[in-house]
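In what follows, a structure is listed as structure tokens, so that the remarks can point back to it.
The values are calculated or read from the model by the stated rules, or taken from the named source; none is laboratory data. Since this is a predicted model, take the numbers as computed values, not measurements. Backbone-built Cβ (ideal geometry, glycine too); neighbour counts: all protein chains shown.
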Amino acid sequence: MTAHARFGSKPPLTIRLCGPRGFCAGVDRAIQIVVLALKKYGRPVYVRHEIVHNRYVVEGLQNLGAVFVEELSEIPAAHRDRPVVFSAHGVPKSVPADAEARNLFYLDATCPLVSKVHKQAMRHQRLGRHVLLIGHAGHPEVVGTMGQLPEGAATLIETEDDVERFSPPDGAELGFVTQTTLSVEDTAGVVRALERKFPRVQAPAAESICYATTNRQDAVKAAAPDTDLFLVVGAPNSSNSRRLVEVAERAGARRSLLVQRASEIPWGEIGAIATLGLSAGASAPEIIVDEIVDAFRERFDVTVELAETAVETENFPVMRALRDVELTGADMAFVNGEH
């Protein structure tokens, strides 16, 4: 029995809380679009794919009247007059074309920074370059970016080994872009490998990895050294959240875990810890961070230290079709994940 248990006191715990963390401007905009569409057009509003990769957010929007589908063909014929929202991850060109063929009214919630990568990829292709997309196979953002280009015009590169195996088609000029949510270090290694093997490869006109990904990784690097445990709030299918887990371990956390709620924390395995790092992926609401801090307060005498490396002021406006709808305080609380 520990001294703390013997005297009925809680063991001390310092929580290094990362800043920035949680919702980015692109996620905030996408959620706003669904909420505004519901206010303007009523129920239901269809959403193709999870609007962002977070079950808490998705379930909250379902409760408001959003219906999530993976393909437009799932929308019943009787509801073809209802709006459909495309997710923040972006979609291939074939999806809006399909929507138009079905006479659907759609609202594209693609993050503006993902749209920027689409434009960079199309610019490479327009200039006669074969496009190399550095990213993870199957991720919806990758599917969307590859889908901006004609069949065969792009090749997915996931690792440095992929670079070594790749041969350009017919000696074509090359240009690369990257998925926005990757680890900065991993991407740098792949880019170095590309530039070693193909010295003439053209970089995108601007950085592809988004500011929010970089900022969250920088904060984790600052907070992680010598932490006994590092928790990242996020979904298993959230690329940027999974990268934060990897960044924490590389930066010196003894153990790093991805959790969606406080109930997923393996309390029986934590053992004696003195320092906890805590961050949240770009699609995780702050209310879950609060929930996790409260769960530790029940078990530990908690001191919170802020590990802040940047202050974010970015704001992406919604499309013109929704700007005449006003959000109330209750609506904004919902957009911010407080539901």
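Tallying residues that are surrounded by fewer than 22 Cβ atoms within 10 Å (Cβ to Cβ), in contact with a strand residue (DSSP E or B) (Cβ under 6 Å, 6 or more places away or on another chain) and modelled with pLDDT of 95 or more within region 204-228 yields 2. Scanning region 46-71 for residues that are crowded, with 20+ Cβ neighbours inside 10 Å and of a type in the set (Lys, Arg) yields one hit, 48.
Table: residues versus (1) farther than 30 Å from residue 129 by Cβ; (2) part of a strand (DSSP E or B).
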| position | (1), (2) |
| --- | --- |
| 209 | no, no |
| 212 | no, no |
| 217 | no, no |
| 222 | yes, no |
| 225 | yes, no |
| 230 | yes, yes |
| 237 | yes, no |
| 245 | yes, no |
| 252 | yes, no |
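Only residues that are surrounded by 15 or more Cβ atoms within 10 Å (Cβ to Cβ), closer than 29 Å to residue 50 by Cα and more than 18 Å from the chain's Cα centre (by Cα) were counted in region 281-320, giving 5.
The C-beta contact set for region 112-134 (first residue charged (D, E, K, R), second residue in a loop (DSSP other than H, G, I, E, B) and at pLDDT 95 or above, distance under 6 angstrom, 6+ apart or interchain) is empty. Set side by side, the residues 282, 295 differ, and just one is assigned to a loop (DSSP other than H, G, I, E, B), in contact with a helix residue (DSSP H, G or I) (Cβ under 6 Å, 6 or more places away or on another chain) and not acidic (Asp, Glu), which is 282.
Just one residue in the set 43, 29, 82 is part of a loop (DSSP other than H, G, I, E, B), surrounded by 18 or more Cβ atoms within 10 Å (Cβ to Cβ) and modelled with pLDDT of 95 or more; that residue is 82. Taking only region 321-339 into account, find how many residues are modelled with pLDDT of 95 or more and surrounded by 14 or more Cβ atoms within 10 Å (Cβ to Cβ). Count: 2. Based on what the data block shows, is residue 228 touching a residue at least 24 places away in the same chain (Cβ under 8 Å) and within 17 Å of residue 337 (Cβ to Cβ)? No: the conditions fail for residue 228.
So how many residues does region 256-286 have that are in contact (Cβ under 8 Å) with a residue 60 or more places away in the chain and farther than 9 Å from residue 22 by Cβ? Residues in region 256-286 being in contact (Cβ under 8 Å) with a residue 60 or more places away in the chain and farther than 9 Å from residue 22 by Cβ: 9 in total. The C-beta contact set for region 158-171 (first residue under 16 Å from residue 186 (Cβ atoms) and of a type in the set (Ser, Thr, Tyr), second residue assigned to a helix (DSSP H, G or I) and modelled with pLDDT under 95, distance under 8 angstrom, 6+ apart or interchain) is empty.
Might you let me know whether region 182-189 holds any residue that is in contact with a strand residue (DSSP E or B) (Cβ under 6 Å, 6 or more places away or on another chain), outside the structural domain of residue 92 (by TED's automatic domain parsing) and at pLDDT below 95? The answer is yes; a qualifying residue exists.
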